[in-house]
Structure formats: structure tokens, C-alpha cells
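Each value in this text was obtained by applying a stated rule to the coordinates, not by laboratory testing. Every value quoted in this text rests on a predicted model; they were computed, and no experiment measured them. Cβ atoms come from the backbone with ideal geometry, glycine included; neighbour counts cover every protein chain shown.
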Amino acid sequence: MYENDYPELKKEDRYTSPASPKPLHELKMLQEYIHSVNLQNLGTILPHYKQQMILLKFFKSKKNQLVEIYSRNGDEVIHTIGKVSVVGRDFVMVRTLLTRIWIPYRAIHSAKSPFGLPDMPGSHQNVLIDEELRRKLLTNFAVTVAEKQTLRQQFFEELLQTNLKSWIGTKLTIHTSTIFNGKLRGVGKGKLKFKEKEVAVSKINYMKQGRILSFFEKIFRKRK
């Protein structure tokens, strides 16, 4: 009987079609292996994008988990430990108890899970979608996703300069060839605008922000 051969495929009173004759756990492991091999092959064919593709895959699998990152700012090596908060197309944002930290992929030398922590899968980190949200996504996708940062991160891989538009009016500490502190006034094409100067996004190697201070800055800005 079908229900005896594939009991895991029963959905209410119906059955879904099996994706493979293999058990689900074996199929999952095979799919992960195939994806890893494909990623390595792509990296060989596109060497300039290899680091970006592999870091993107790594950080997506560690969303909301602790990671340990070694990045470079010139001759300086910066050691960062924090929870993965946002995984963008060209950057990752991690957070600690008091700080948000943005690190472009091109500045990252190495990244891993801290020693002693379990290597948890990222399959549980999907956005929960209720019926009302499902209806809004089907009938008004663009507006619904644009209104919620969690949905934007789920459906789109933001660029660093796109993500920073959400932080206009807050103070940032930026590491380029020098260290600069200032309140972000605007985001233009390829550059951040401050009262004192403009900073090219391509020159940024590391950036951080106080979480508590930025919270009150954003509230004050909304009340203006």
C-alpha cells in the first residue's frame, strides 16, 4: 500500500508525490551535497565571485546564530563575534548585545561558528506566514514586502547601500583607511552622505553602530 511505503507524504487525507525513492533524510543530505558541489564548481568558473557566493551560503545557514569573523581593514585584522542578523548580497550584519556591525564580504578573511557551539541547521529559520499575510503576498506582493524588513530580507538580497537607507539619521562608525564617526544624512549612488563628508561604499571595510542610541535616534526622527 502507498501509505505504508510513504507514510511521511500524507497531507490530511491526500498524498503528495514523492520527490525521490530515497527516504527524506537521505534525500536532504544528497541535495545539500549536490548544492555544495555545484557551488564549488561555480566558484571555479567564476573565481571573482567565489568568496561572495560561499559567504552568502554560509551566513544564510547561520541566520540568528553566533558566528566568528576575521576581517581586514588595511593591515589591521578585526575579530568579531556576533549573531547573524542580516545577510545581504555583498555584506553581512551581525549584532551583539549593544552593537550592530556591518562587514562587506570583500573584507572578510575567514568566518566560522565559534568553537564549542553546536553546528545547527538553518532550516528552522523560515518566516512564519499566516493566512492574512499569505493573502497580502498574493494580492499585493510589492507593497507588503516593502513594508516589512524581515520579508525584504527573506525575498531579496539587499546591497549594503540599500540596507543603510533604513539607518538614515543615526550615527555610524566607519572604518576605511581612517576611522570616521558621523550621523548618516543620506545614501546616494555608491556613497554615504554625512554633514562633514561623503564616504564611498566601496571604501568601507567595517562599520558599527550602538543599538540603544540608534533606537532612540530613529524614534526621535519619526516624531519630527
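Once you reduce region 72-95 and region 43-70 to the center of their Cα atoms, the two points are 11 Å from each other. Each of the peptides 53-63, 25-35 was scored by the mean count of other Cβ atoms within 10 Å over its residues; in descending order, highest first, they stand as 53-63, 25-35. Counting 0.36 nm for each residue step from ARG135 to GLU76 and taking away their Cα separation leaves a gain of 16.3 nm.
Highest mean first, the peptides 90-103, 38-51, 162-175, 189-202 sorted by other C-beta atoms within 10 Å per residue fall in the order 90-103, 162-175, 189-202, 38-51. Using R0 = 22 Å, the C-beta based FRET efficiency linking THR44 and HIS109 works out to 0.60.
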